[in-house]
Structures are given as structure tokens and as C-alpha cells.
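Throughout, read-outs are computed from the coordinates displayed, never taken from laboratory work. Source: prediction; values computed, not measured. Neighbour counts run over all protein chains shown; Cβ positions are idealised from the backbone, glycine included.
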Amino acid sequence: MTLETFFKEHFRTALAFSGGVDSAYLLWAGIQAGAEVRPYFVKTPFQPQFELEDARRLCTQLGVELTVIECDILSSGTVSANPPDRCYHCKRLLFSLLKERAAADGFSLLLDGTNASDDGGDRPGMRALQELEVRSPLRECGLTKDRIRGLSKAAGLFTWDKPSYACLATRVPAGRAITRTDLEKVERGEAALSRLGFADFRLRLTPGGAKLQVLEGQLPLALERRRDILSALTLDFPEITLDLNPRVPID
């Protein structure tokens, strides 16, 4: 099956839209196929502001209206407690909210951007999508991440080379309660590191502060800009460590 065939069969759908590579291409493909695809972005404390800005920019580029839904995900005691299967509970809550809003807007089918490279065994959140009967056309059509990036580049989408981004909650070790304050610190810290020239990195919370994980090619930059990193992060993180094992990017 191709995406064009999928959208010919399902010509009116709602889309869980993150502004990332996959959902951006899926939205573009639906529009190209002549389908009505309504993008929904759920804004929680887990999403940094730049994700919403990218989502709005992409929708403006494609000439579609973005619906933004606010959700205080931390009001869920199960999610904020941060158990090992937090992602399942979070996805279940957010996609239930999305389905309810989409149905109220007249959309009976909800899509997401899971692709054929995503390993379901590694992602407990995918179980929630299956339970809620969320469709994943990219996965169903066998489109891998590399293929989607190539197609996105050909389509002129600025998201084609955007690094994969996991939500801010993944910076908090499992079992440590997630607080809005910690999430804000991580968002500030990662924004500062981006301004220093780092890309596709992670700033993870530790008992005494935070640990920086960068790609192998950026380890020299981390050492070169050590004082700048300390200046940018010390206010929020008393102890800052650098992981000498380079971060392996995961698409």
C-alpha cells in the first residue's frame, strides 16, 4: 500500500502532529493526495517551546490550520511518578484526549507518525496507540526513517534533517518524580547548549545536577567550550558532568 492509496481510502482524518520529521511528511503526503488532514498538537510541560514553533511553521508552509490542545500531563499521578512504563500511561492519556477532541470535530480516524523503523518492542507507548486504534500510515506503508527524510527533502520540507527528539520527560531517570521545575531547568539548559553550537544532544538529570551527552563529533566542542557550558548551566545544575561515551543518535 502507498500513502496515496491510504489517503484515497481515508480522505478525512485527524493527525497527532509534533512538528517532527515523520508527522510533517505524513501531513504533506495527505494534502498532496487531496485528503482533509487536520493536525493537532498537544502542548504539555513535556514539549519544549521550539517544538510548537516548528509545528506552526510547518503548518503555515503547507497552508493548514494547526489546532493546539493544552494538557497538564503532570496532573496525572501515574505519569508524574515516572514509573518504567511512564510512556505507556502518557500516550494513553494524550491520545485519548486527542481522539475525544477529534471526534468532537467530526473526525473518526486518528493517525500518528510512527514509521517502519520504529521498534514496537522498545516503545511501550506504541501499545497505547494499538489499544486506542490509532493508525500509523508510514509504518503500514513500510516507510523507514531514512526514506522519509529523503522524501521530505525532495518535497522541500524544512524538517527533513531535523534530529529526532524525545520529550523532556526522558531526561528524568525512571522512578524519580517529574516536576515542572525540573522540566523547565532542562529546557533552559538545552536551549542554552543549542546556542553554543550543540546539536542532537541530551541533558539528563542526575542526583547532583545534570549529565551532558553529545555526539562523538561534538566531544571536542564540549571540552573547548567547557567554561561557556558551566556559565550557562551552573545556576540550575550545581554539578555538571560530561558523558565520555558519545551519544548514539536514534532515529
Proximal lysines to K153, defined as alpha-carbon separation beneath 24 angstrom and excluding residues fewer than eight positions away on the same chain: K8, K145, K162
In nm, what is the difference between 0.36 nm times the number of residues separating S96 and E9 and their Cα-Cα distance? 29.0 nm
How many nm separate the modelled label positions at A104 and L196, each set 7 Å beyond the Cα in the direction of the Cβ? 4.3 nm
The whole-number value in µm²/s of the Stokes-Einstein translational diffusion coefficient for segment 102-178, with Rh from the Kirkwood sum over alpha carbon pairs at 4 °C and 1.567 mPa s, is 88 µm²/s
Could you give log10 I(q)/I(0) at q = 0.11, 0.26 Å⁻¹ for segment 22-94, computed by the Debye formula over C-alpha point scatterers of equal weight, without solvent? -0.35, -1.14
Compute the helix-to-body angle for 21-32: its Cα long axis versus the longest principal axis of the chain, expressed 0 to 90° and rounded to tens. 20 degrees
Using θ = phi - 60° and the Karplus form 6.51 cos²θ - 1.76 cosθ + 1.60, what ³J(HN,Hα) does each residue of segment 81-91 get, whole Hz, x for Gly and Pro? 5, 6, x, x, 9, 3, 4, 4, 5, 5, 4
Inter-site label distance for E133 and L219 at 7 Å from Cα along Cβ, in nm: 5.1 nm
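Between A81 and S231, what's the calculated FRET efficiency when r is the beta-carbon distance and R0 is 35 Å? Round to 0.05. Don't skip to the answer; put the middle values down first.
Working: r = 34 Å, r/R0 = 0.97.
Computed FRET efficiency for A81 and S231 comes out at 0.55.
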In what order do W28, W160 fall by count of nearby beta-carbon atoms within 10 Å, going from fewest to most? W160, W28
Just for the Cα atoms in segment 179-242, what are the lengths along the principal axes, largest first, rounded to whole Å? 32, 19, 18
Which length gain, in nm to one decimal place, applies between A116 and R247 when the Cα-Cα distance is subtracted from 0.36 nm times their residue separation? 44.9 nm
So for the chain, averaging the separation of alpha carbon pairs under 8 Å that are six or more residues apart and normalising by length, what relative contact order in percent results? 18 percent
Over the chain, what is the percentage of antiparallel beta bridges among all DSSP beta bridges, to the nearest 5? 25 percent
What the Cα atoms of segment 1-140 span along the principal axes, largest first and in whole Å, is 43, 30, 28
Taking just the C-alpha trace of the chain, give me its Rg and Dmax in Å. 18.7, 57
Going by C-beta contacts inside 10 Å, put L26, L111 in order with the fewest on the left. L111, L26
Round to the nearest 0.05 the FRET efficiency obtained for I69 and R180 when R0 = 25 Å and r is the Cβ-Cβ distance. 0.85
